[in-house]
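Take a look at the structure below.
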Amino acid sequence: MLLVPLHDDNPTRHFAVLTAACVAANALVFFYQLSLDERAGIAFVLGYGMIPAVLGGTAELTPDIPTLDPWLTVVSSMFLHGSFMHVAGNMLYLWTFGNNVEDSMGRVRFALFYLACGFAAALSQALVDFSSEVPMIGASGAVSGVLAAYLLLHPHANVYSFAFFRFAWLRAYFVLGFWIVVQLANGLMADPDAGGVAWWAHIGGFVAGLVLLPFFKRRDVPLFAGRNRTGPWG
């Protein structure tokens, strides 16, 4: 990874309870996945991941796999991850940027915003190939919406990052702009029939975040806030 945000210098008025709870929930589910044997782990991902073909009604899971209504797997899939790096990366981005976004909305609206972005992300990935039987898992789509919201709210915030093999303070618009360009490039090059990263879920969640933020933020919270004068760059 060429650019990894580690933390920002953007203060919040309140502790981000919901963001912390979401990070904890994702971690707990991942540790539960680790406790399963290989067969049970595969069944867990198939049953609670979002499978486009199952969602579209063109495929069904075998009766021995416990699952939810296909539309509810859109939500459950947001809490499953395929590896330690998968969950750690998503939670790092969520913790770095989610606290300020939650602060701009309040807990209830942030929860609805997060789920709406995740829902849009899952549908975006499914629309690429509704016949796909590859389960989509991960919080990436919902987190992508949070990144878009942060970009609209605090584009000039300072983000301490591991960037191109060194540590540096960078503006949020550079960090998040670079991130979405990478997603678009990979999405256009990716084989929709192959497994791996759900690039279009990232893109769909990001677009949803851009569109939905003005309707979810509090009225007194401005868009495109100026520079943080107390930050490392002044």
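Yes/no matrix, rows are residues, columns are (1) surrounded by fewer than 21 Cβ atoms within 10 Å (Cβ to Cβ); (2) within 15 Å of the chain's Cα centre (by Cα):
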residue: Phe31; (1), (2): yes, no
residue: Leu34; (1), (2): yes, no
residue: Glu38; (1), (2): yes, no
residue: Ser76; (1), (2): yes, yes
residue: Gly98; (1), (2): no, yes
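For Ser104, the stated conditions do not hold, so it cannot be described as of a type in the set (Gly, Ala, Ser), over 13 Å from the mean Cα position of the chain (by Cα), buried (at least 21 other Cβ atoms within 10 Å of the Cβ) and within 24 Å of Trp200 (Cβ to Cβ).
So that you can scan it fast, the table gives a plain yes or no per residue for (1) without any contact (Cβ under 8 Å) to a residue 40 or more places away in the chain; (2) over 20 Å from the mean Cα position of the chain (by Cα); (3) farther than 30 Å from Leu28 by Cβ:
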| residue | (1), (2), (3) |
| --- | --- |
| Leu152 | no, no, yes |
| Pro155 | no, no, yes |
| Phe162 | no, no, no |
| Arg166 | yes, yes, yes |
| Phe178 | no, no, yes |
| Val181 | yes, no, yes |
| Asn186 | yes, no, no |
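The residue list Trp200, Trp179 contains one member that is outside any loop (DSSP other than H, G, I, E, B), of a type in the set (Phe, Trp, Tyr) and at pLDDT below 95, which is Trp200.
Just one of the listed residues (Gly187, Gly209) is under 30 Å from Gly47 (Cβ atoms), modelled with pLDDT of 95 or more and surrounded by 14 or more Cβ atoms within 10 Å (Cβ to Cβ), and it is Gly209. Here the stretch 78-96 is the region considered, the condition is being buried (at least 21 other Cβ atoms within 10 Å of the Cβ) and among the hydrophobic types (A, V, I, L, M, F, W, C), and the residue that is nearest to Phe215 (Cα to Cα) is Leu94. Only one entry in Trp169, Trp233 is out of contact with any helix residue (DSSP H, G or I) (no Cβ under 7 Å at 6 or more places or on another chain), at pLDDT below 90 and surrounded by fewer than 18 Cβ atoms within 10 Å (Cβ to Cβ), namely Trp233. For Thr12, the conditions (1) surrounded by fewer than 16 Cβ atoms within 10 Å (Cβ to Cβ); (2) over 21 Å from Phe130 (Cα atoms); (3) polar (S, T, N, Q); (4) out of contact with any Asp or Glu (no Cβ under 9 Å at 6 or more places or on another chain) are fulfilled apart from (4).
Taking the condition surrounded by 14 or more Cβ atoms within 10 Å (Cβ to Cβ) and within 23 Å of Val74 (Cα to Cα), does Val128 pass? Judged against the criteria, Val128 is a match. Condition (residue is out of contact with any helix residue (DSSP H, G or I) (no Cβ under 7 Å at 6 or more places or on another chain) and at pLDDT below 85) applied to the stretch 219-227: is it met by at least one residue? Within the stretch 219-227, one or more residues are out of contact with any helix residue (DSSP H, G or I) (no Cβ under 7 Å at 6 or more places or on another chain) and at pLDDT below 85. The residues on offer are Pro52, Pro5, and the sole one that is farther than 20 Å from Leu153 by Cβ and not basic (Lys, Arg) is Pro52.
The values are calculated or read from the model by the stated rules, or taken from the named source; none is laboratory data. Nothing here was measured: the structure is a model prediction, and the numbers come from that model. Every residue, glycine among them, receives a Cβ derived from its backbone with ideal geometry; neighbour counts consider all protein chains shown.
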